[in-house]
């Protein structure tokens with residue numbers, strides 16, 4: 001069954017089709033919510049609320065405007081930002097994310113242990129610094145480097161122009177450089193997850 005057929009059946013109230021959509025996209029949705037909210041319980045709450053809203057409004061989905069996941073991602077980011085406005089965020093460690101089954105760019109399996117430890121240490125430093133970046137810039141950096149999205153999609157999700165999306169990413173990188181006390185190219189290189197860089201980088 002294609003995605004289009006699954007969505008059509010879900011719109012008609014087919015619970016099996018709705019369950020398929022949920023199971024297909026839940027892991028990615030939860031990972032994104034964890035990155036944005038840094039709280040596993042809040043992330044799960046937002047994801048559940050997001051899916052409830054989505055299934056109630058499936059008829060609004062327009063495949064010509066993007067994929068089903070792209071539509072769900074817009075819903076999630078909006079709800080995460082609303083949640084964040086109402087609550088002071090605590091820091092969440094990489095270990096906590098990993099325990100929830102949502103690791104941030106795991107080291108490549110089977111690699112040199114010393115290199116893997118070095119990568120993990122670098123990743124932790126960048127992750128901790130990222131949590132100190134201003135909210136708007138932080139969202140843009142997460143979508144750009146952890147979700148590997150082009151600026152056009154970031155702009156659509158954040159409800160801004162392409163230029164504004166680029167500006168937010170640039171502003172976030174400036175803040176990271178100050179926090180990491182690293183040159184621009186090095187700060188950017190560290191920010192991009194290793195798995196993304198190995199796949200050819202972001203556009």
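Observations on the structure shown:
- Sequence ranges 21-28, 45-52, ranked by mean other-Cβ count within 10 angstrom, highest first: 45-52, 21-28
- In plain terms, if you count all Cα to Cα distances in the stretch 3-85 and split them into 10 Å steps from zero, the share in each step is 18, 52, 25, 4 percent.
Since every read-out is calculated from the coordinates, none of them should be taken as a lab result. The shown structure was predicted, so the numbers you read here are calculated from the model rather than taken from an experiment. Don't worry about glycine lacking a Cβ; one is built from the backbone with ideal geometry, like all the others, and counts go over all protein chains shown.
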